[in-house]
Amino acid sequence: MSSIAKAELNIPSVTALLVAGGDARIAPDAHSGCNKYGCRSYPDADLLAFGSSTASVISEQGFEAAVQLRDKLQNRASTEPAVTTYARELDRVRAELVALCGIGDLPGLEVVFAASGTDSHLIAAQLVRNQGQPLCAVMIDAVETGSGVPAALAGRHFSTRTALAQAVDEGVVIAGDAIAVVTVAMRAADGSPYTAAAMDAGVTARVHAAVAAGQRVLLTLVDVSKTGMIVPGPACVAALQRQFPEQLDVLVDACQFRIAPSTLRAYLQQGYMVAVTGSKFITGPTFSGALLIPSGLAQGLRRYPVPASLRAYSAAADWSRNWDCSRLDAGAVNFGLLLRWEAALTELRAFHAIPETEIAAFLQVFADAIQGKLDSDPVFERVAVPVRAGASWDSFPTIFPFMLRRPAGATGYTWLSSGDMSQIYRLLQCDLSSDAGLPADSASRRLLASRVQLGQPVRCGVRDGMPVSALRLCMSARLVVAALSPRGPGPSAVIAQALIALEKTALLVNADLA
């Protein structure tokens, strides 16, 4: 039974709803029960979860919150239309989200809910193009953002199924002509990042070229990328905005949501749209997005009805009542999206209950421990990530990407290929102790018994003629709460779990199990 029905007397189960209302990436595999990101729709307390840059398994607290909300939906199903309940609950989620983020006092702020960060990019581009000018979207390499982002910005279907359960042909233009999309590379052929100045110059050149061609520009600022980078630099974007105030709109891709309230506020006050998700750093279940639109920009965008090109992706109730959604389905609901945000708010609420100074102090200690481990073991090569200047907790790294090398000969090492890295990523999530042939009390067997989730491999160029990738160990809001909440195991325990994750990774490499 679809969660996108216009009226439901029997609301689907929580586990069914948590994998409904998204594109094909959210669908569980029939054999494993996992979605594309290796996550099931129920808690897995034994998993060492350090993969939040990709996705996270729902927590027990988040699952319980989703259960309670699902029961509320069921109780109301016989007394009012589903869309009335859906709109009311989204209004509640909208209000709490902005309050928790410390931006509830920004007048006229709009929050548009979306199934995913990719959907938010589609919505932003369609809104900007809706103003009538030819549009060019400028973005960094999709390797560092998301494979579907270029298609979404171009106004093409980026999957075989939309968030509102419509089957579509991937890659086909949704409506009208495709939006021009140009990308800026972040890394050289060997995977090393270009300098910030070089990347800024590349972005600037492409913006100037588009404006000269008579195009309006939607510029995406990624904060942060899959490997923890911020590109283009905020100063570069601010300069372009001053230079082209009438031709340039800015979308901050903060879908990792690894930004402090002060950073989020600053972006919105500069007039930038900001896309966030509850499913990365916040560790809500996969597919819960939102597009934040500041007042001044929203006023201009609201002069036009929300375009019909979004009808298969966005329900009218996903928008506030300030928008003309006459071209969208007024009766559509996405209870899966609603429950995923409910679970995400549970995590966000706990995270923001901790003082920022304590968060920053722990993140520094955690970073020192992880970087020290990566630098001390020759199996790892740490991928350097520039840090953000500032005093908030988001000035500390929370994504730790690394490549892997296998011993070869007396003193040499060979790089693990991208295929090997994918195999390591999968093996880390499995209990391998029964196949190891090791004594039951051995340290190696205990390591192999651990089940670890890291961030999926990200392509990082070519080394020695072979494509290579980086895995990512990630800090998350849930892990911060585990470290600093009075009821959590404490900082030492969280750091110890992260080191176990790295030690199992090294063991798999040294044992040549990939």
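List of remarks:
- Considering the stretch 220-277, the residues that are among the acidic types (Asp, Glu) and outside any loop (DSSP other than H, G, I, E, B) include one that is surrounded by the most Cβ atoms within 10 Å (Cβ to Cβ), namely Asp253.
- The C-beta contact set for the stretch 243-256 (first residue at pLDDT 95 or above, second residue of a type in the set (Gly, Ala, Ser) and part of a loop (DSSP other than H, G, I, E, B), distance under 7 angstrom, 6+ apart or interchain) comprises Gln256/Ser53.
- Identity of the residue in the stretch 302-350, of a type in the set (Phe, Trp, Tyr) and more than 26 Å from Asp71 (Cα to Cα), that ends up surrounded by the most Cβ atoms within 10 Å (Cβ to Cβ): Trp323
- Residues satisfying the stated conditions in the stretch 347-386, i.e. within 30 Å of Val462 (Cα to Cα), β-branched (Val, Ile, Thr) and outside any loop (DSSP other than H, G, I, E, B): Ile370
- Looking only at the stretch 17-32, residues that are touching a helix residue (DSSP H, G or I) at 6+ places or on another chain (Cβ under 9 Å) and either farther than 22 Å from Leu73 by Cβ or surrounded by fewer than 14 Cβ atoms within 10 Å (Cβ to Cβ) (or both) come to 2 in all.
- Here Pro193 meets the list (1) under 23 Å from the mean Cα position of the chain (by Cα); (2) at pLDDT 95 or above almost entirely, failing just condition (2).
- Any hit, the stretch 472-479, residues being closer than 24 Å to Leu432 by Cβ, of a type in the set (D, E, K, R) and either at pLDDT 95 or above or outside the structural domain of Asp190 (by TED's automatic domain parsing) (or both): yes
- Subset of the stretch 280-304 [farther than 17 Å from Leu122 by Cβ and assigned to a loop (DSSP other than H, G, I, E, B)]: Lys280, Phe281, Ile282, Thr283, Gly284, Pro285, Thr286, Pro294, Arg302, Arg303
- Flag if Ile370 is within 17 Å of Leu471 (Cβ to Cβ), at pLDDT 95 or above and buried (at least 19 other Cβ atoms within 10 Å of the Cβ): yes
- Residue in the stretch 495-511 that is assigned to a loop (DSSP other than H, G, I, E, B) and among the hydrophobic types (A, V, I, L, M, F, W, C) present: yes
The values are calculated or read from the model by the stated rules, or taken from the named source; none is laboratory data. Since we're looking at a predicted model, the values are computed, not measured. For neighbour counting, all protein chains shown are included, and Cβ atoms are generated from backbone atoms with ideal geometry for every residue, glycine included.
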